[in-house]
Amino acid sequence: MFRKLVLSAVFAFSSMSVFADVNLSTTITEMSVRATCEQSGAIDFRVNGNDFAEASEENPVYIRLRFDHGALLCQTLVHEPSGMEPIQVPAALELGSGNEGDTINIPADGVTIVRWKQGEPEMWMKVTSSSSTWIRSGQDLVAPSPERPVRFSIGIDGATSQAMNEMLFQMQRANLAASLQNNAVVDTELRFDLSQSNLEPIPAPMEDSTLAFDPITFDAQTENVESAEAFTQIYLGQLTSAAFSDDRIIGRGFEDDIVNPPNPGSYGVDLRTTIRDVAINNDNQPAGLINFHIDSDDFETASPQNPVYIRMRLDHGATLADSRVVPGADHQPIYLPIATEYGPYDYDVAAPATAVSIVRWVAGEPSVWLKITAPTSTWLRNNQTGQLEAPNADAPAGFTLGLSAGRSISDNSDLFADGKANLPYATTKGTRHLPSDTQFNVDLTEGNLEPLPAPPMLSALNFDPIAFDSDTEGVEEELDSTDINLGQLEPIPFSDDRMIARGFASGFSETTDLNGSSRELNYDRNNQRLGVLKADIKGNAFAYLGSGDEFMLNLGQGFTLSKTLVAPGADPINVALKLRNGSEPGVEMVAAEDAVSIVRWVQGESQIVLRVKQTSDTWLQRGGELLAPSEQNQVRLIIGNSASSSLRSFLRKYNRGLANLPANMKVNQINGQPQAADTRARVDMDRAEVGVGTTATLSLGYSGEVAKLGQVVEK
């Protein structure tokens, strides 16, 4: 059986939720419900508020993590009566957050694991440094914030901890280079004895088959955490006000060595997903992956003449953000690799390259359509007998939707070379067989997805898979999806792991709308122009930025800038700001010329660095009163247009006092005079990462807000 790690949240600040001051992100692993020492996923803590303000050496704050379903720790790693000292956990300020010169100000023992004892259902951590002083910014000591989150992680091995923190430690953005115990790098992998637990295997309901933890904080009145022989001897103090997000699942049960195995196919297609945080009200958010894990003859009736169609419909009014496979004359399916794993049983993949394909993926529609054209009974070849067979428990097979082109190449190319996959990557059937991108980007602007901490039924984005027979008509031909004629339902069950995203509302999403115009990018060329980025600011978006604070515009993976517009140390490009039409009478633009500027735009890099010198609550004025942008008084900035286009966009409003500059401006290096600046973004592509269909985006640092500016095509 696959022992697959399911990432329920990507440990990256760009996808961070900001609804709670301690934002939890976990990974989920499959755990044998009979195991006596089974590893779970990891836990990532991101503190973006002053939740541990009262903590000190004299008055520590304790964090208790209690595990459900009767799971017990199977190792003793920290227990002072047994001579096992606390583990120091690195706390880090990530790159791209805060100001360039910000450093961490947490002592090496500021966050520690102080109890981890075999046979107990809980572990304990201790915070001994006030979060109000965790970050040094200039001359000031400040608390974490959404712009400056502090991260610490447990459940990882020592090498991973070192890889995550060593460079940040050298830059003084982490307080340790790795997790340490007695000055030695140490693992903090979470392992549990489940042999006496009541954790049930999938396909039991989620509440019965998932292992979760409950985090809770206690004040310094808590006693005996470090010294008690048994956890029942710990005296609990008062609860503190720290709040934690709801991402608390670290494992899900499965049962191997089943005494009475079910009949083949009784579970149907086992779906396995990853879950990403998506910003609500945004039109281009990447959701998680969907893996179809098959260990029986689920598609026994499929053939080229009688295909099986799978419709995957998004809920909550979400739609697809881009077109990958359009119907009609330009129809080109994307063929997905079918792969099996290396194992003790000698099977190769024998399915034709066209066995599984994406046959409809249209922007604005709620469904992706797949087509199966080869019976699962022919997918594998038993190399010992030479016979074709269906996937089975010893040799499962599968295919995945939602991979970038680069990930598809890395996941499948070696398997293909060894006969364990039928394609080296997802691709169209064109003569060149270029790699295709199948990242699942969704448009949530017209949906009703709610942000956490709303309950899962409101905040979780799911899909509904249904299989139809070959009587289905129009999937590949009809321009309007409502004209598709559905055939008969196929009796193919799918498991319940269908969540691919969860909603969050960042501070920026409430104050800033990010929009882009998209251009076609030729797969074979570099130095190609992206579309125009527009940011409409409708609130006090930069209330906490000013006096030279920086933030990033990040290109998507596989793209780098092909031209330098602002070299390190060179004069910046000042970004024009204008009041949008419909603002209240009497409101003027009074932002300084350098209120927002581009200070770094360098060939080969994947970030554009902007600096804010003036907080947004002083950009506007009415009757002598300074104002921030608002819904009624929105402020727009534009990046990605030519100098002449920038002048056309801003000059008239500048002459009327409604813009701070006549255009995006820079200093002419020859005569020293200001002139309109060209900010057209051009990019190069890494073809190990980018494929046909890949979208080029710019995301606004800290926010999760993404604008689509281009899409790769084959020309």
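Points to keep in mind about this one:
- Inter-centroid distance (Cα atoms) of the range 343-371 relative to the range 604-670, Å: 47
- Global geometry of the chain, whether rounded, prolate or oblate, following the gyration tensor of its Cα atoms and the 1.5 cut on a/c: oblate
- Note on residue 524 and residue 603: with the Förster distance fixed at 25 Å, the Cβ-Cβ geometry gives a FRET efficiency of about 0.80.
- Global form of the range 541-660, assessed from the alpha-carbon gyration tensor, a/c cut-off 1.5: prolate
- Dividing the C-alpha radius of gyration of the range 300-403 by 2.2 N^0.38 Å, with N its residue count, gives 1.23.
- In this structure residue 413 has an accessible area near 40 Å², from a 1.4 Å probe over the protein heavy atoms.
- Accessible area per residue (1.4 Å probe, heavy atoms of protein chains only) ranks 36, 400 as 36, 400, with the largest value leading.
- For the pair the range 576-601 and the range 486-544, the centres of their Cα atoms are 26 angstrom apart.
- Couplings 3J(HN,Hα) of the range 116-129, computed from phi: 7, 10, 4, x, 9, x, 8, 10, 10, 10, 9, 10, 10, 10 Hz, in residue order, whole Hz [Karplus 6.51 cos²θ - 1.76 cosθ + 1.60, θ = phi - 60°; x for Gly and Pro].
- In sequence order, the range 475-484 has phi-based couplings of 4, 9, 10, 6, 5, 9, 5, 5, 8, 5 Hz under the Karplus curve 6.51 cos²θ - 1.76 cosθ + 1.60, θ = phi - 60°, and Gly or Pro positions carry x.
- Of 613/715; 563/715; 653/715; 126/708, those spanning more than 32 Å from alpha-carbon to alpha-carbon: 613/715; 653/715; 126/708
- In this rough spin-label picture, where each label sits 7 Å from Cα along the Cβ direction, the residue 557-residue 714 distance is 2.2 nm.
- Value of relative contact order over the chain, rounded to a whole percent, pairs C-alpha under 8 Å and six or more apart: 13
- Distances between placed amide hydrogens fall under 5 Å for residue 519 paired with 531, 710, 711, all partners being 5 or more residues away or on another chain.
- Only DSSP H runs of four or more residues enter the estimate; each adds -39500 (n - 2.57), and after division by the residues of the chain the mean residue ellipticity at 222 nm equals -2000 deg cm²/dmol.
- Relative contact order of the range 270-396, pairs being alpha-carbon contacts under 8 Å that are 6 or more residues apart, as %: 29
- The range 52-170, accessible surface, carbon-and-sulfur percent (1.4 angstrom probe): 47
- Between residue 496 and residue 564, the contour length at 0.36 nm per residue exceeds the Cα-Cα span by 19.6 nm.
- Amide H within-cut-off set for residue 661, under 5 Å, with H built and near neighbours excluded: 577
- Tensor-based shape of the range 444-553 (alpha-carbon gyration tensor, a/c under 1.5 rounded, otherwise prolate or oblate): oblate
- Computed 3J(HN,Hα) for the range 375-388, one whole-Hz value per residue from the Karplus formula 6.51 cos²θ - 1.76 cosθ + 1.60 where θ = phi - 60°, is x, 4, 5, 10, 6, 10, 10, 7, 6, 7, 10, x, 8, 7, glycine and proline marked x.
- Accessible surface area normalised per residue over the range 113-245 is 42 Å², counting heavy atoms of protein chains with a 1.4 Å rolling probe.
- Value of relative contact order over the range 372-508, rounded to a whole percent, pairs C-alpha under 8 Å and six or more apart: 16
- Built amide H within the under 5 Å cut-off of residue 102, gap 5+: none
The values are calculated or read from the model by the stated rules, or taken from the named source; none is laboratory data. What you see is a predicted model, and the numbers here were worked out from it, not measured in a lab. Cβ sites come from the backbone with ideal geometry, for glycine too, and all protein chains shown count toward neighbours. These area figures cover heavy atoms from the full protein model, side chains too; ligands, DNA and RNA do not enter into them. Shrake-Rupley method; radii C 1.70, N 1.55, O 1.52, S 1.80 Å.
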